[in-house]
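J.: Handing you this structure, nothing more for now.
The values are calculated or read from the model by the stated rules, or taken from the named source; none is laboratory data. Everything numeric here is computed off the predicted structure, so don't read it as measured data. Note that we place each Cβ from the backbone using ideal geometry, even for glycine, and neighbour counts take in every protein chain shown. The protein model used for the area step is the full one, side chains on, heavy atoms only, and it has no ligands, DNA or RNA in it. Shrake-Rupley method; radii C 1.70, N 1.55, O 1.52, S 1.80 Å.
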Amino acid sequence: MKKPLLISLLFSKSVLFSQTVLNSLPLSLNNLEKTQILNIEDKENKDIYAFAWDNQNINILKYNKSLFLTNQFTDLIKKEANRNLMGATISAGQKPTLYWISGNNKNVLITTYNLDCKISESLNFDFPKNHNYIISSFQENNALYILAKEKEYEHLLLYKFENQKCEIKMLDFSPFTFKNKENVNISFNALIQYFPIKKIEPDILNSLDLTSSICKMYVLENRIILTFDDRVQRTQVFEVNLNTGIMKERTFDSPASKNPLATANSFYNNKKLFQIAANEDELLFEVKDFDSKNIIKKYSFSKNDSIPFKNSPFFVQINNKKPKQLKNTAKFLKDLEGLTAGISIIKNKQNTFVTFSGFGESQDYYFKADSPDQFGLREYYSLTKMVYFDATLNENLDFISDKQSQPLASENLFYYLNFNKTINLYDALELKNYYILSYYDDASKQFIMRKFTDGFMMGDNRNSIINKSIFSNPATFGKINSH
């Protein structure tokens, strides 16, 4: 079920987006509490498919590369009624296949739809007994992959669904050594239990809690990259070939400091590993070539440095309250203490936009006043704290001042959703040079597709997103499908 995007943004002035309505189609959806929308692209012929379902029907819309509707099929929901739509692929003969996961995540119903004959056929896939839980799913090369944990053993299972068949590869992490922050050996199972693997979405603003994750997954063409920043001394990386299941390990030392590091983390982007490390005296930043591990650029900022090229103030934010500005680098490093450092990267054609951050979450409680117990019942709640600031690198990975850069397509899309809060059933598809937002307008009973591009059409104001807190996990954004 789709959830509304939880974003609270601060903007100085309104702007006119680089966005255009591509088309709209009358569509009636029932029971919007149990509905989903999903978009995918058939890479071979550039057709776009949209899937919208409710508690009665699945609606399949097929568009050509010019976004003209070329076919449509509505099929009854039967066995799929109590399931969630996990993903989609396009089988041979341009037949879309949908993957419906059961409520207990133990079974996948694979349904292939023939839009020309208006028929469908389904197969059931039961996960094997050694399957424990699902970590993430993604689509690559017209196949659906599910990364899951195997019970008891220090293995991950990689399921590949293609043409109504499933192939399973075991990723064995038992030969490798993992350590905690105290440099004590821990098992792979313990590591991902305490620090679950989080999938990073490409080319969008990932939330700070996501980018500060200790264990991350990046999906690339024909491979995935798993990074583990479980100790501050180094980043441990595994590159997994999706075709063979062969894993290659490599390690990257964290930036060196004269004083012990308090926190460190990394972010993979465009064949480079970006690393951040910090203590109370300095903030360190390095860019390394992923294949050779050579340092391309390195920077060090002491607590007395002003960092003149930063493109936003230093911010600190407690829970969902309004961010507050910090006066200087020393204050930023002080507030970073006790948090897990994070770094995120997003690129356009010329520049690389960097967010330096720290994130921490804890639990506290209060005693309920109306408790029947004389000692009171504890009511628990979460506390979050984050610090962050933005900067920009040019093509040579040199820092530049770029406070008036034009908004990216993904920023425009998030911005649009923030100011259209009634849209709570949607999905976004990233194509070569733009995004398509597909959503359901309940008032007009229309299925609408909008195009978002970089930049703005008029004016010179930037819709700067300074509240990084509340970009929810991209999974909440439905699925931003990257192609």
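J.: Taking the condition in a loop (DSSP other than H, G, I, E, B) and small (Gly, Ala, Ser), does Ser344 pass?
T.: No; evaluated as a whole, the condition is false for this residue.
J.: Okay, moving on. Do any residues in region 330-353 that are closer than 13 Å to Gln406 by Cα and without any contact (Cβ under 8 Å) to a residue 60 or more places away in the chain have Cβ atoms under 7 Å from those of residues that are open to solvent by 70 Å² or more (accessible area, probe 1.4 Å) and in a helix (DSSP H, G or I), where the two are at least six apart or on different chains, and which pairs are they?
T.: none
J.: Given the criterion at pLDDT 85 or above and either closer than 30 Å to Tyr268 by Cα or in a loop (DSSP other than H, G, I, E, B) (or both), identify the matching residue among Ser371, Ser362, Ser357.
T.: None of the other options fit; the residue is Ser357.
J.: Now, a different point. Would you confirm whether or not region 277-298 contains a residue that is small (Gly, Ala, Ser), without any contact (Cβ under 8 Å) to a residue 24 or more places away in the chain and over 25 Å from Glu337 (Cα atoms)?
T.: The initial filter retains those residues of region 277-298 that are small (Gly, Ala, Ser), namely 277-278, 292.
Applying the additional criterion that residues be without any contact (Cβ under 8 Å) to a residue 24 or more places away in the chain yields 292.
Narrowing further to those that are over 25 Å from Glu337 (Cα atoms): 292.
Yes, region 277-298 has at least one match.
J.: So which residues in region 416-434 are open to solvent by 10 Å² or more (accessible area, probe 1.4 Å), hydroxyl-bearing (Ser, Thr, Tyr) and not in a loop (DSSP other than H, G, I, E, B), if there are any at all?
T.: Within region 416-434, just Tyr416 meets the criteria.
J.: Here's something else I'd like to know. Please tell me if Ser312 is hydroxyl-bearing (Ser, Thr, Tyr), touching a residue at least 24 places away in the same chain (Cβ under 8 Å) and part of a loop (DSSP other than H, G, I, E, B).
T.: When the stated conditions are applied, Ser312 passes them.
J.: Could you please find all residues in region 173-185 being part of a strand (DSSP E or B) and free of Cβ contacts under 8 Å to residues at least 24 places away in the same chain?
T.: Asn185
J.: Working only within region 33-61, note down all residues that are assigned to a strand (DSSP E or B) and more than 23 Å from the chain's Cα centre (by Cα). If you could, list the steps in order and put the result at the bottom.
T.: Taking region 33-61 and keeping what is assigned to a strand (DSSP E or B), we get 36-42, 47-53, 57-61.
Once the filter is applied, which keeps residues that are assigned to a strand (DSSP E or B) and more than 23 Å from the chain's Cα centre (by Cα), region 33-61 yields Asp47, Trp53, Asn57, Ile58, Asn59, Ile60, Leu61.
J.: Next up: Counting just the residues of region 179-216 that are open to solvent by 50 Å² or more (accessible area, probe 1.4 Å) and among the basic types (Lys, Arg), which one comes out farthest from Leu157 (Cα to Cα)?
T.: Result: Lys181.
Matching residues to (1) β-branched (Val, Ile, Thr); (2) at pLDDT 95 or above; (3) within 26 Å of the chain's Cα centre (by Cα); (4) closer than 13 Å to Gly360 by Cα:
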| residue | (1), (2), (3), (4) |
| --- | --- |
| Asp305 | no, no, no, no |
| Phe309 | no, no, no, no |
| Val316 | yes, yes, yes, yes |
| Gln325 | no, yes, no, no |
| Asn328 | no, yes, no, no |
| Lys334 | no, yes, no, no |
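J.: Looking at (1) among the acidic types (Asp, Glu); (2) open to solvent by 10 Å² or more (accessible area, probe 1.4 Å); (3) touching a strand residue (DSSP E or B) at 6+ places or on another chain (Cβ under 6 Å), which is the only condition Asp305 fails?
T.: (3) is the only condition that Asp305 fails.
J.: Can you name the residue in region 9-28 that is modelled with pLDDT of 90 or more and surrounded by 13 or more Cβ atoms within 10 Å (Cβ to Cβ) and is also nearest to Tyr99 (Cα to Cα) among such residues?
T.: Result: Leu27.
J.: Follow-up question, since we're still on this one. Can you work out which of the residues in region 113-123 that are open to solvent by 50 Å² or more (accessible area, probe 1.4 Å) and in contact with a strand residue (DSSP E or B) (Cβ under 7 Å, 6 or more places away or on another chain) is farthest from Leu61 (Cα to Cα)?
T.: Leu123
J.: Which one of Ala92, Ala52 is more than 22 Å from Asn141 (Cα to Cα) and touching a residue at least 24 places away in the same chain (Cβ under 8 Å)?
T.: Working: Ala92 fails: more than 22 Å from Asn141 (Cα to Cα).
Ala52 is the lone residue from the list that is more than 22 Å from Asn141 (Cα to Cα) and touching a residue at least 24 places away in the same chain (Cβ under 8 Å).
J.: Of all residues in region 126-161, count the ones that are touching a residue at least 24 places away in the same chain (Cβ under 8 Å), under 24 Å from Pro96 (Cβ atoms) and surrounded by fewer than 16 Cβ atoms within 10 Å (Cβ to Cβ).
T.: Count: 1.
J.: Would a scan of region 235-252 turn up a residue that is in contact (Cβ under 8 Å) with a residue 12 or more places away in the chain, surrounded by fewer than 13 Cβ atoms within 10 Å (Cβ to Cβ), assigned to a strand (DSSP E or B) and of a type in the set (Val, Ile, Thr)?
T.: Among the residues of region 235-252, at least one is in contact (Cβ under 8 Å) with a residue 12 or more places away in the chain, surrounded by fewer than 13 Cβ atoms within 10 Å (Cβ to Cβ), assigned to a strand (DSSP E or B) and of a type in the set (Val, Ile, Thr), which makes the answer yes.
J.: How many residues, within region 308-346, are under 22 Å from Ser266 (Cβ atoms), surrounded by 15 or more Cβ atoms within 10 Å (Cβ to Cβ) and among the charged types (D, E, K, R)?
T.: Here the count works out to 2.
J.: On to the next question. Among the residues of region 197-226, how many are at pLDDT 95 or above, more than 14 Å from the chain's Cα centre (by Cα) and assigned to a loop (DSSP other than H, G, I, E, B)?
T.: 1
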